[in-house]
Amino acid sequence: MVKEIELQKDYFVNETIETIYFGGGTPSILESDEIQLLIDTITRLHTVSSSAEITLEANPDDLHKAKLQALRQTPVNRFSIGIQSFFDEDLAWMNRVHRAGEAEASVKRAQDTGFENLTVDLIYGYPLLTDQKWKHNLDKVFALNVPHVSTYSMTVEPDTALASFINKKKQPAMNEQQSAEQFNLLMGAMELHGFEHYEISNFCKPGHYSRHNSNYWKGVKYLGIGPSAHSYNGETRQWNVANNAKYIQSIEQGKIPAEKEFLIEANRLNEYIMTSLRTMWGLDLNKLNTIAAAASNQLIIAAQPYFEREWIHQKKDIIYLTQTGKLYADNVAADLFF
């Protein structure tokens, strides 16, 4: 990865790096000196803002006291902790290594070590999760005084053990009605506790937006490093080979292990529609027109059924999803694509 950062050094030219995000797996398995090496490499090759947001995704069982103290000596200033649930039986069902007590303790240990800028992940919409248990999970997060929460409806990926169990009737299928009801419960609870619903899956106390993810939704360019990593600069998208051995072989040969596509006008319009509609900042019709002249006129016509259903509303030149519309965000965006 250090070598790839060097190979990709010209991806950003005369720009300041505002965010660094260690994610896409279990980066907390790295030792603090390995994380420091990667940050040092970025700093050596690029201008990094002194106030950069540097996030590390972590499993609760990795955040023991010694690890946290070591990370305190690095520039890492934010954790994304994959809690998922505060119920042991749910975690076991998800094949998670950690247990509920460890999840809660990891948040407290991080806070005690001086890491206040935290986000936690929770999952809803799976068979074991009653509404009462879902409320308990949310109340736990509120009690822990975590300023940012990411929440995801359980999805079943093809070719996974869960998909196989569901197909063989050994596990019940996911229930869309349950997911919708728990999403509504989530939105109500978050609003009650002063959280802003700034993106479909993300809530935060005022001023605690994920700067990294917010930039992604706003169409700011980003560079991904490592196997399967994706990059985007507004005009092209590239993605690294997923196979570890092929990735290493390519890097050792001094070749960037990526495929690239140039985004045609329709791609760029659809990219903006998909990402902007998910946020509380909404879809700016003027920005749409900078990508393609008069694109906003075509979109307004396509959007009429959703105005009538009150799934979207317009304020000046910005289109937003309504509370009900957030339940159908992907469907709305797809129907507005060019």
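See the values below:
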read-out	value
Val141 vs. criteria part of a helix (DSSP H, G or I), touching a residue at least 12 places away in the same chain (Cβ under 8 Å) and surrounded by 20 or more Cβ atoms within 10 Å (Cβ to Cβ)	yes
Number of the exception - Thr41 against (1) modelled with pLDDT of 95 or more; (2) touching a Lys or Arg at 6+ places or on another chain (Cβ under 8 Å)	(2)
Criterion: under 11 Å from Pro60 (Cα atoms) and outside any helix (DSSP H, G or I) - qualifying residue of Ser80, Ser106, Ser150	Ser80
Complete set of residues in region 205-244 that are hydrophobic (A, V, I, L, M, F, W, C), open to solvent by less than 70 Å² (accessible area, probe 1.4 Å) and free of Cβ contacts under 8 Å to residues at least 60 places away in the same chain	Val220, Val241, Ala242
Test set (1) modelled with pLDDT of 95 or more; (2) among the β-branched types (Val, Ile, Thr); (3) surrounded by 14 or more Cβ atoms within 10 Å (Cβ to Cβ) - Thr130 fails condition number	(3)
Search result, residues across region 23-37 that are out of contact with any Ser or Thr (no Cβ under 6 Å at 6 or more places or on another chain) and in contact (Cβ under 8 Å) with a residue 40 or more places away in the chain	Gly23, Gly24
Condition check for Leu118: closer than 23 Å to Arg211 by Cα and touching a helix residue (DSSP H, G or I) at 6+ places or on another chain (Cβ under 7 Å)	yes
Residues (more than 15 Å from the chain's Cα centre (by Cα) and either open to solvent by less than 10 Å² (accessible area, probe 1.4 Å) or of a type in the set (A, V, I, L, M) (or both)) located in region 67-90	Leu68, Ala70, Leu71, Val76, Ser85, Asp90
Within region 283-320, tally of residues that are part of a strand (DSSP E or B), open to solvent by less than 20 Å² (accessible area, probe 1.4 Å) and in contact (Cβ under 8 Å) with a residue 40 or more places away in the chain	1
Neighbours by Cβ (under 9 Å, 6+ apart or cross-chain): first from region 118-130, closer than 12 Å to Glu89 by Cα; second in a loop (DSSP other than H, G, I, E, B) and of a type in the set (S, T, N, Q)	Pro127/Gln171; Pro127/Asn175; Leu128/Ser85; Leu129/Ser85
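The values are calculated or read from the model by the stated rules, or taken from the named source; none is laboratory data. Since this is a predicted model, take the numbers as computed values, not measurements. Using ideal geometry, Cβ is built from the backbone for each residue, glycine included, and neighbour counts are taken over all protein chains shown. All accessible areas refer to the heavy atoms of the entire protein, side chains included, with ligands and DNA or RNA removed. Shrake-Rupley method; radii C 1.70, N 1.55, O 1.52, S 1.80 Å.
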